[in-house]
Amino acid sequence: MIDIYFEPDYGRLYEKVENGTFEIFDFEHTFGKIQHMYIKRKIPEQIDARDYYDIVTPYGYGGPVILESHGEYREELVREFHKAFARHCAHQRIVSEFIRFHPLLDNAKDFQEVYDVHFMRPTVGTNLLAHNDPVNVELSKSARKNIRRALREGVKYRVNENPDNLETFKQVYYTTMNRKNADAYYYFNDEYFDALINTLGNYLIVTEALYKGKIIGMMLTFKYNKILHTHLSGTYEEYHHLYPVYVMQYAITRWGKEKGYHLLHGGGGLTNSLDDSLYLFKKQFGKHESSGFQVGKKVWNSEIYSALCKFTDANSDDGFFPAYRAKDSCKV
């Protein structure tokens with residue numbers, strides 16, 4: 001497959017997180033092939049005593065992706081997919097769909113005629129392929145200064161491929177989530193981390209920052225097809241003066257370059273603002289590489305969608321989609 005986010009085992013990780021069922025829609029035509037993976041969620045409210053559903057991208061990125069197209073028939077392939085998937089949604093009583101398109105693949109471009117596509121925010125990457133020394137070229141001057149300072153203070157680092165457990169990582173991660181008062185959506189449980197190891201362990205890297213033999217920060221990264229994706233991370237607050245995050249970014253950047261990877265993708269901010277503090281922080285590790293994160297929205301059954309909005313007293317003008325789930329506060 002193209003990237004880790006399109007691995008079926010990755011999608012299945014988020015069935016319980018999204019309270020739904022992971023499904024794959026494979027479309028084959030003389031014009032080519034498209035695959036679409038998503039999580040199908042039962043809508044809590046019934047209409048006329050019938051159950052209805054909506055679908056959403058698993059945590060991270062996804063959306064339909066063209067696996068094969070024949071020459072000039074790419075647009076025709078997408079139109080035929082649209083027809084077939086519309087029939088599928090009607091048969092499965094799927095009311096709406098929310099997609100987080102993949103910023104590196106830019107698959108949003110192929111499906112603009114199918115979905116209402118919106119640009120959300122830029123994402124940051126560290127280009128490992130283009131530079132002999134990506135640390136010096138891609139990392140900001142202040143980031144490099146903090147790394148040098150941390151290393152002089154005695155901070156060490158380790159990069160471990162294919163870990164056999166994540167027990168220590170969970171301790172660091174939960175401590176960080178507690179400190180930030182993070183939403184419950186991001187409190188992945190033991191079952192999630194066990195499944196992550198058991199199904200995707202061969203694609204995982206654990207990077208550690210250590211001080212005097214004690215772990216002070218840890219980061220989970222996916223490796224797949226020459227791309228590294230930062231997944232989750234955590235630090236202990238009392239060691240922030242030692243810049244553990246900077247050291248871990250330095251470590252995975254050096255490791256990725258040495259191993260022949262092309263890109264370290266760090267994602268974007270928490271909001272769509274270019275002044276978002278998380279986005280600006282990540283920009284320190286990727287000065288020249290940026291990709292656009294886009295989402296897609298689709299109402300497959302407008303009559304039922306309207307009925308659900310009326311039933312839940314939803315305000316369809318406030319920007320949340322699907323509007324009838326606004327009180328659930330699902331994450332983008």
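All of the numbers you see were taken from the coordinates with simple rules; none came from a lab. Values in this document were obtained by computation on a predicted structure and should not be read as measured data. Cβ atoms come from the backbone with ideal geometry, glycine included; neighbour counts cover every protein chain shown.
Descriptive notes on the structure:
- Rounded if a/c under 1.5, otherwise prolate or oblate - the stretch 230-332, Cα gyration tensor axes: prolate
- To the nearest ten degrees, helix 302-311 and the longest principal axis of the Cα atoms of the chain are 70 degrees apart.
- In this rough spin-label picture, where each label sits 7 Å from Cα along the Cβ direction, the T271-S316 distance is 2.8 nm.
- Computed extension length for R254-Y174: 26.1 nm, one decimal, from 0.36 nm per residue of separation with the Cα-Cα distance subtracted.
- Where N is the number of residues in the stretch 123-292, Cα Rg divided by 2.2 N^0.38 Å: 0.99
- FRET efficiency for the pair L278 and A86, taken as 1/(1 + (r/R0)^6) with r the Cβ-Cβ distance and R0 = 35 Å, rounds to 0.40.
- Farthest toward positive dipole pole in the chain [+1 Lys/Arg, -1 Asp/Glu at C-beta], among T199, I2, L151: L151
- The angle separating the long axis of helix 167-179 from the principal Cα axis of greatest extent in the chain is about 80 degrees.
- Lysines with Cα under 20 Å of K40, excluding same-chain neighbours fewer than 8 positions away: K16, K83, K297, K298, K327, K331
- MRE, 222 nm, helices only [DSSP H, n ≥ 4, -39500 (n - 2.57), over the chain, to nearest 500]: -9000 deg cm²/dmol
- Cβ-defined net charge surrounding L128, 13 Å radius [Lys, Arg +1; Asp, Glu -1]: +1
- Once the Cα-Cα distance is subtracted from the 0.36 nm per residue extended length, the S306 to H288 segment shows a gain of 2.1 nm.
- Qualifying GluC sites (Glu not before Pro) in the stretch 40-140, DSSP loop, other Cβ atoms within 10 Å at most 14: E45, E113
- Magnitude of the charge dipole for the stretch 123-292, about its Cα centre and with charges confined to Cβ atoms of Lys, Arg (+1) and Asp, Glu (-1), is about 860 debye.
- Lys/Arg +1, Asp/Glu -1 at C-beta; the chain dipole; positive extreme among H262, A326, Y211: Y211
- Given charges at beta-carbon only (K, R positive; D, E negative), |dipole| of the chain in Debye: 1460
- Using C-alpha pairs under 8 Å with a sequence gap of at least 6, the mean separation divided by the residue count of the chain gives a relative contact order of 23 percent.
- Residue among G11, T175, Y53 farthest towards the positive dipole end of the chain, charges placed on Cβ: T175
- The stretch 212-288 and the stretch 70-116: distance between their alpha carbon centers, rounded to Å: 32
- Candidate values (i) 21.3; (ii) 19.9; (iii) 22.6 were compared with Kirkwood radius over Cα pairs in Å computed on the shown model; the agreeing label is (i).
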